[in-house]
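Peer 1: So that we are looking at the same thing, I have put the structure below in structure tokens.
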Amino acid sequence: MTTWDSLPWAKQIEELFRWHAPGVYRFALRGLGDVEQAKDVVQQVFLAVCNQYERHFLAESDDHQAALIMTMARRRVIDCWRQASRAKETLYGDLGALDRPQPELLEMSHRITRSDRIMEDAELRRFWEVLTRDLTESEYRVALMSWDMEMSTEDIARVLNTTSHAVVTHRSRARRKIGKVLSRRSEWDEGGAGA
């Protein structure tokens, strides 16, 4: 039986885990909205890192390793979305039920990605919470994949098993809702909405 300490790259993998697990967790939590699923994603990603370390991580730069780990995390989150869509389709028959507001995000310390930097600023964190409360699940997923994951419209449509037109519509609605939040904030900054 192989033990953790007997793995040839155990210390390097442990260091990668220590450095990147909080980011993977935060990303998964933001994408899935469920603590247990986010923990599962972290476990799946670092199990894959263990299995692929020599082949894909050993001779690579820190930046390349970080990018690869986050790519694995993105794929696991997308896999969870697909599984949830299939399960709901089986149970309810209609995927339209997926369009409901997302719960507010939980807070956890982390580093690296754009949306994580938003969470470090209290005012921007409140803004992010408003967005996750006001956007439907589909709008939130499309916005996350468009603006945080930088995925194309076609790729998003394929992942969500929908049309490119539906993706454009969800992104447009998300943009309008974000615009409303920003305009309310700017009115407040100028002396209040009714001042």
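Peer 1: Considering each of E15, E54, E60 in turn, give the residue that is charged (D, E, K, R) and in a loop (DSSP other than H, G, I, E, B).
Peer 2: Residue meeting the stated conditions: E60.
Residues checked against (1) under 28 Å from R133 (Cβ atoms); (2) at pLDDT 85 or above; (3) surrounded by 15 or more Cβ atoms within 10 Å (Cβ to Cβ); (4) in contact with a Phe, Trp or Tyr (Cβ under 6 Å, 6 or more places away or on another chain):
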position	(1), (2), (3), (4)
K11	no, yes, no, no
G23	yes, yes, yes, no
R30	yes, yes, yes, no
V41	yes, yes, yes, no
L58	no, no, no, no
A67	no, yes, no, no
T71	no, yes, no, no
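Peer 1: OK, next. Could you tell me whether E15 is over 15 Å from C80 (Cα atoms) and either among the hydroxyl-bearing types (S, T, Y) or without any contact (Cβ under 8 Å) to a residue 12 or more places away in the chain (or both)?
Peer 2: The answer is yes for E15.
The values are calculated or read from the model by the stated rules, or taken from the named source; none is laboratory data. None of the values given here were measured: they were computed from a predicted structure. With ideal geometry, Cβ positions are generated from the backbone for all residues, glycine too; neighbour counts draw on all protein chains shown.
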